[in-house]
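A quick write-up on the structure given underneath.
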Amino acid sequence: MSRQRTRAWIVGIIAIIVSAVVFLVPFAFVLLQAAKTPAEASNLAFSWPTHWQFLQNFWDTLTSNDGVIWRAIINSAVLTITSVTLMVILSAMAGYVLSRKRSKWNPVVNFFVLAGLIVPPAVVPTIWVLQDLQLFGTLPGMILVEATFGLSFCILLFRAFVGNIPRELDEAAVLDGAGPVRLFLQVVLPLLRPVIVTVIVVQAVFVFNDFAGPLYFLPGDQNVTVQLALYTFSGQNLSFYNLLFMAIFLITIPPLIAYIFFNRQIVAGITSGAVKG
Amino acid sequence: MFSRRTAARVAAMLGGAALLGASLVGCSAGSGGSGVTISLMAGGNDPAATKFANTLATAFHKANPTIKVKVDTRPGGTDGDNLVKTRLSTKTMDDVFLYNSGSLFQALHPDSQLQPLTDQPWVKHITEDFKKTVSTSKAVYGAPNGTTFDGGIMYNKKVYAKLGLSIPTTWSQFISNSEKIKAAGIIPILQSYGDTWTSQLFVLADFANVSAQDPSWAQKYTDNQAKYVNPPALAGFTHTQEIFDKGLMNKDYASLTNVNALKELATGQAAQYPMITVVISNVAQSNPSQVNDIGYFAMPPDSGEAHATVWEAGGAYIPKSTTGDKLAAAKKLVAFLNSPKGCEIQNSAGGIPAGPFAISSCTLPSNAPALVADELKYQQEKKTGLALEFLSPIKGPNLEKILIQVGSGITKARAGAALYDNDVKAQAQQLGLKGW
Amino acid sequence: MSTAGTTAAIQAADIITEAHPPTKRRFIKSFYPTWFFIPAVALYVVFFALPTFSSFYFSLTRWSLFDSTFIGFENYAQFFSDPQLYTSFIHTLIYAVITSGAKVIIGFFLALLLTSPIVGRGYLRAVIFFPVLISTIGVGIMFKSLLDPFHGMVNAVLGFFGLPQPGWFTDPNLALYSIAGVDIWKGVGIATLIFMAGIVAIPAEYFEAARIDGAGGWKILRQITVPLTRGATATVIILSLIGGLRSFDIIWVTTGGGPGFTSDVLASVIYKQYQAGFFGLSTAGNVVLFLLVTVIMVPLSAFLNRKQVEL
């Protein structure tokens, strides 16, 4: 027994050291750069700053270019929250009915759902559709597009999970006098909590960090999202590496906060054996 | 439910943060009262371009207190070209934007995308050559921004003096100079592929030499009769390959940026840099005391006399999407650009003149950088020629990347030239030219 | 879905519908209202199906800012005859296979490690998943600095040990693989998470039984763990392969497809053509990408799903 414990310790310590080097050192580099003066930061050396100006850089980055970084974080947050909410609601409804209802249309629908996952979006025609609807270059337009692109993944997950909920519960609720909508909202939805959490986290990270989407569909400085702002910021601040890395740090904060909140939920949800591939 | 409470908490936090953030950013875009706010897109994102645009905006606002100007930047090179095209086609372009003249201007479909400026008071002051590069048969669309400038080799005069070298007038002299420089432990020729557009200079700055050998080459090229794969135009490609093969480049050519390369040239770490002289304004910002150490000579040809390739001034344009009050304000800004105050800014703030002006209302200051005198010598001896982009509407989008491949030893010169001829075909067809 | 539960449900439903008049039966059938589909279908059709189908048409035209002229398959001919477009096709395949393969293998072994009793497991799980959260652009900029050939930290360390210091993103032969490495660094966390779920779902009795039978570590791995995580493996392969084939962000921000064209993939070529205003050609590229992904994924996912073992 103790041989197993020593093995657990040795392997553990090695893993911790290796993981720190591989995964934490790059981020430590970001933090150090974010605290340096411009001249020192452009040396790109992994060194302790001789002149610590973290707060100064923090302020400068936030207010630089009319506060573009700040605006980007707000835009991305709005985009993420709205589109994820929309796609979760819509795909929960669709996945639920898809799983429960026996219909000859099911294989057809399944094919289209899979297609949505595989097929890359056709950029220019989508721009045309958005322009026709007067939604091109607007945040609502982008929200609808992001929600659409996330539908397939979410529907697949929801359909699989609703399948795990026994139909007897539905029958019992009906016997208690529940209507179809109440059945969905009060019986099925609460049982789907682990999936909902997983879907929210995965899709939120995806939408928040989406680069190509806003690049094509949401041009314009007012609408700038986090990835785009960082990209143009890097092109503009050729001599200001310290601000650039501070911007990277700032942009990592919202997902980090969300992660710390939901971390326990994800791990619990997934390792409770809910996912069966 | 736990999740609902957390969601509410998170939402409240975000809401508060948003309010705080809005107050931090302050009133930037909001035009209080009767003022107008217009946007200006700078001609690049290097320090000089950014400083120029910002200084111009501030000075204009001082002269016109009811008009605020917001400055945006854009990347240089093909990324910038493509950004401009995309913004125009999606009608999200700034109210005034600074961009190249010549073929890049033609590629914007000016008759349908830009506001005509033919009736503006400054039009009668511009040179005929410049007018051609910002007009179509229908109208004049741009005001000159910056001076004309030359492309060729920028070199460090002090290094040349120290090693007793004289200006090379043929390509073989250039190579032998470079080898002497290398023996002295100084970088002979700088390349800066960290900024992809800089890879094009051996080809583009050689064009005056090509025109000297074949004056109708540009027209034949537009008619799909002349190609880069044949001499005399092939020279640019073979030169790019030759300096790589002979090891005459800096070691970090693949990642060095334009701004850093200029610093090395100014301090004498390197001796020669194939470049367009307009970038001297970046040297004025980073190494002001060494601006006059930098000189210019025309790209040495394989045979014949060296001719300096001239680029016309850039232009300031207004897109069709700017209308009403903003249009009136934008026209004022464009006119201000070449007013006495505007000329002063062009001469100083990040916009040091690199050649003669294209409009008579602006004159060169007495303290123009040393290389301007070098350029004027070629003008006086009538050994100049316009760059290809002012004589032909065709410029393929992938020249920079192809030349990086040639200059890094990935592709051979002739193969690269053939690739570019092919690349240009797509562009010509897209423009609807005959004969392609 | 358990067949036992389904049978019981059907029986229960039969009993209920027998005991109630026809109106109740109709009511039960409409318990899963079809209109639940409608919002999702509306979004899907407008923003996905419609553009995708019209892209098939537009890929056959020369499309500029204003007009489109029908040119048949010329765009496709150009796409496959142009050497740089063709090499980007090859690069896409190489990139997808390398990143997907690495994520599967590394993710699997990391998941094994993180579901075994070792010290610091909770911390390790968090740390490995962390890069997934960082913005791709941020990751690209970060690694561009770390892997700078002359000033970057990685080469400084290598130089200290007297090892060669390659130009990670500037050597034409290395660029694509360096980017793949960064992609793997960023994405292995999700693969590990999915594998962990799969491993944890295996009932403990199987391991107990194997241990009682005297099976060693390797044997357990080969005969229990790997077969019973086929579902997770299939998911990881499918998701990472699709992502790899369509990858754009990280390539664009680190090298822009360079140096020259040596790290161009289909997605970056499509973007460059779109930028240059060659809309017809860009849409044709989209169609090629779509066909490529479909041709690879549909048979592959059919194959993988058939081999799943029922628990």
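The values are calculated or read from the model by the stated rules, or taken from the named source; none is laboratory data. Fair warning: this is a prediction, and the values are worked out from it, not measured in the lab. Don't worry about glycine lacking a Cβ; one is built from the backbone with ideal geometry, like all the others, and counts go over all protein chains shown. With ligands, DNA and RNA removed, areas are computed over all heavy atoms of the protein, side chains included. Shrake-Rupley method; radii C 1.70, N 1.55, O 1.52, S 1.80 Å.
Does C:Ile141 qualify as being out of contact with any helix residue (DSSP H, G or I) (no Cβ under 7 Å at 6 or more places or on another chain), within 28 Å of C:Asp171 (Cβ to Cβ) and either facing another protein chain (nearest Cβ under 9 Å) or assigned to a helix (DSSP H, G or I) (or both)?
Working: out of contact with any helix residue (DSSP H, G or I) (no Cβ under 7 Å at 6 or more places or on another chain): no; within 28 Å of C:Asp171 (Cβ to Cβ): yes; either facing another protein chain (nearest Cβ under 9 Å) or assigned to a helix (DSSP H, G or I) (or both): yes.
Judged against the criteria, C:Ile141 is not a match.
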Tally time: how many residues in region B:339-364 are in a loop (DSSP other than H, G, I, E, B) and either closer than 23 Å to B:Gly295 by Cα or in contact with a Leu (Cβ under 7 Å, 6 or more places away or on another chain) (or both)? 13
Among the numbered criteria (1) under 28 Å from A:Leu114 (Cα atoms); (2) more than 10 Å from chain C (Cβ to nearest Cβ); (3) open to solvent by 10 Å² or more (accessible area, probe 1.4 Å), which single criterion is violated by A:Phe240? (1)
Could you run through region B:217-255 and say how many residues are open to solvent by less than 10 Å² (accessible area, probe 1.4 Å) and either within 14 Å of chain C (Cβ to nearest Cβ) or closer than 22 Å to B:Asn156 by Cα (or both)? 6
Mind checking which pairs have a first residue in region C:193-209 that is more than 10 Å from chain A (Cβ to nearest Cβ) and a second that is surrounded by fewer than 20 Cβ atoms within 10 Å (Cβ to Cβ), Cβ under 6 Å, 6 or more apart or different chains? C:Tyr206/C:Ile224
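This table checks each residue for (1) more than 28 Å from the chain's Cα centre (by Cα); (2) modelled with pLDDT of 80 or more; (3) under 18 Å from C:Lys103 (Cα atoms).
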{"site": "C:Phe195", "(1), (2), (3)": "no, yes, yes"}
{"site": "C:Ile199", "(1), (2), (3)": "no, yes, yes"}
{"site": "C:Glu208", "(1), (2), (3)": "yes, yes, no"}
{"site": "C:Ile212", "(1), (2), (3)": "yes, yes, no"}
{"site": "C:Gly216", "(1), (2), (3)": "yes, no, no"}
{"site": "C:Lys219", "(1), (2), (3)": "yes, yes, no"}
{"site": "C:Arg222", "(1), (2), (3)": "no, yes, no"}
{"site": "C:Ala234", "(1), (2), (3)": "no, yes, yes"}
Filter region C:86-145 down to the residues that are under 24 Å from A:Ala8 (Cα atoms) and among the charged types (D, E, K, R), then identify the one that is most open to solvent (accessible area, probe 1.4 Å). C:Arg121
Within region A:90-105, considering residues that are surrounded by 18 or more Cβ atoms within 10 Å (Cβ to Cβ) and of a type in the set (S, T, N, Q), the one nearest to the other protein chains (Cβ to nearest Cβ): A:Ser91
Taking the stated definitions as given, is C:Phe278 of a type in the set (Phe, Trp, Tyr) and within 13 Å of chain A (Cβ to nearest Cβ)? yes
Is region B:411-418 home to any residue that is within 23 Å of the chain's Cα centre (by Cα), more than 17 Å from B:Lys85 (Cα to Cα) and either acidic (Asp, Glu) or within 9 Å of another protein chain (Cβ to nearest Cβ) (or both)? no
Do you know which residues across region B:142-177 are surrounded by 16 or more Cβ atoms within 10 Å (Cβ to Cβ) and assigned to a loop (DSSP other than H, G, I, E, B)? B:Gly142, B:Gly146, B:Thr147, B:Thr148, B:Leu165, B:Ile167, B:Pro168
What number of residues in region A:29-43 are assigned to a helix (DSSP H, G or I) and free of Cβ contacts under 8 Å to residues at least 12 places away in the same chain? 1
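Here is a yes/no grid of residues against (1) at the interface with another protein chain (Cβ under 9 Å from one of its Cβ atoms); (2) over 30 Å from C:Thr52 (Cα atoms); (3) open to solvent by 40 Å² or more (accessible area, probe 1.4 Å); (4) without any contact (Cβ under 8 Å) to a residue 12 or more places away in the chain:
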site: A:Gly150; (1), (2), (3), (4): no, no, no, no
site: A:Ile155; (1), (2), (3), (4): yes, no, no, no
site: A:Phe161; (1), (2), (3), (4): no, no, no, no
site: A:Asp170; (1), (2), (3), (4): yes, yes, no, no
site: A:Ala173; (1), (2), (3), (4): no, yes, no, no
site: A:Gly177; (1), (2), (3), (4): no, yes, yes, yes
site: A:Val181; (1), (2), (3), (4): yes, yes, yes, yes
site: A:Val188; (1), (2), (3), (4): no, yes, no, no
site: A:Leu191; (1), (2), (3), (4): no, yes, yes, no
Quick check on my filter: what residues within region A:195-211 are surrounded by 19 or more Cβ atoms within 10 Å (Cβ to Cβ) and assigned to a helix (DSSP H, G or I)? A:Val195, A:Ile196, A:Thr198, A:Val199, A:Ile200, A:Val201, A:Val202, A:Gln203, A:Ala204, A:Val205, A:Val207, A:Phe208
Among the residues of region B:90-107 satisfying the criterion of being hydroxyl-bearing (Ser, Thr, Tyr) and within 13 Å of another protein chain (Cβ to nearest Cβ), which is nearest to B:Gly44 (Cα to Cα)? B:Thr92
Enumeration of residues in region B:36-47 that are touching a strand residue (DSSP E or B) at 6+ places or on another chain (Cβ under 8 Å) and at pLDDT below 85: none
Can you name the residue in region B:194-224 that is assigned to a loop (DSSP other than H, G, I, E, B) and free of Cβ contacts under 8 Å to residues at least 40 places away in the same chain and is also farthest from B:Lys383 (Cα to Cα) among such residues? B:Ser216
Could you check B:Tyr296 against (1) of a type outside the set (Val, Ile, Thr); (2) surrounded by fewer than 17 Cβ atoms within 10 Å (Cβ to Cβ); (3) part of a strand (DSSP E or B) and say which number it fails? (2)
Checking the conditions here, which among B:Leu371, B:Leu391, B:Leu433 is of a type in the set (A, V, I, L, M, F, W, C) and open to solvent by less than 20 Å² (accessible area, probe 1.4 Å)? B:Leu371
Given the structure, is C:Gly231 part of a helix (DSSP H, G or I), facing chain A (nearest Cβ under 9 Å) and either open to solvent by 10 Å² or more (accessible area, probe 1.4 Å) or in contact (Cβ under 8 Å) with a residue 12 or more places away in the chain (or both)? yes
Looking only at residues in region A:29-43 that are within 14 Å of chain C (Cβ to nearest Cβ), of a type in the set (S, T, N, Q) and over 27 Å from the mean Cα position of the chain (by Cα), which one is surrounded by the fewest Cβ atoms within 10 Å (Cβ to Cβ)? A:Asn43
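A quick yes/no check of all residues on (1) within 30 Å of A:Ala160 (Cα to Cα); (2) within 12 Å of chain C (Cβ to nearest Cβ); (3) of a type in the set (Ser, Thr, Tyr); (4) not in a helix (DSSP H, G or I):
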residue	(1), (2), (3), (4)
A:Val22	no, yes, no, no
A:Val25	no, yes, no, no
A:Ala45	no, yes, no, yes
A:Trp52	no, no, no, yes
A:Asn65	no, no, no, no
A:Arg71	no, no, no, no
A:Ile74	no, no, no, no
A:Val84	yes, no, no, no
A:Val88	yes, yes, no, no
Considering only region C:275-288, I want to know if a residue exists there that is modelled with pLDDT under 85 and surrounded by fewer than 23 Cβ atoms within 10 Å (Cβ to Cβ). yes
Failed condition for A:Leu135, given (1) in contact with a Gly (Cβ under 7 Å, 6 or more places away or on another chain); (2) of a type outside the set (Ser, Thr, Tyr); (3) without any contact (Cβ under 8 Å) to a residue 40 or more places away in the chain; (4) within 27 Å of A:Pro190 (Cα to Cα): (4)
Between C:Gly72, C:Gly101, which is in a helix (DSSP H, G or I) and either within 30 Å of A:Leu144 (Cβ to Cβ) or modelled with pLDDT of 75 or more (or both)? C:Gly101
